Amino acid sequence: MGIMGTLGFKLIGARLLERKLNKLPAKVGKTVVRKALRQGAKPVQAAAKANAASLVGGTIGSQIAKSIGTRAKSAKWRRKYGAYGIFVGVDPSNKHEHDFVYFTGGSAFSTKTRKQVVGRRHYIPNAIEYGHAFPGRGGGKNPPKDVAAVGYMRKAYHSQGSGATQIVIREMKVGVERAAQES
């Protein structure tokens, strides 16, 4: 699975909400946060799917649109950053990796070890998102961009990010109030 970069937001200044959240049992608080993040990710995911289908177009655009999904950040990530997160991107479950990986000529791929043996591996959604050079045209820090970037994921985040933030805040408020009433 390719990493498309990290775009996100931090919820700062919500002291009252944080105090109420901390009064809840840890498991309940985690559930409230996760549900709010999933709800906030939905408009970004929908916009990314629409952008992939319309901006990228063709068969690859529809394949990318079908495979855009969400996945909660791992426990390792939570321990490192001390926060909860959700990933919106292409193929978060790795079910479609074989559809999006291209190997340069003369390359080989071991199906037993799932590792590349020879040649260069290219993850197509990243090449579309950030632009790319034609094969054999170098690389390095500032490679030439023969094919312009089509930022379907970045456009989705920038168009829906502020709305997603508001949804997360609203859902956290509702979830904290509901959980406080139940306990």
Could you give the nm distance between label points at R38 and K23, where each point is 7 Å from its Cα heading toward the beta carbon?
-> 2.6
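So for I169, I124, I86, fewest C-beta neighbours within 10 Å to most, what's the order?
Numbers: I169 15, I124 18, I86 22.
Result, fewest neighbours first: I169, I124, I86.
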Non-local amide H neighbours of G85 (under 5 Å, H modeled in plane, Pro and chain starts lacking H): which ones?
-> K73
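Any read-out appearing in this document is the output of simple, stated calculations on the displayed coordinates, not a laboratory observation. Because the structure is predicted, anything quoted here is derived from the model rather than measured. Counting neighbours? That spans all protein chains shown, and the Cβs are built from the backbone with ideal geometry, glycine included.
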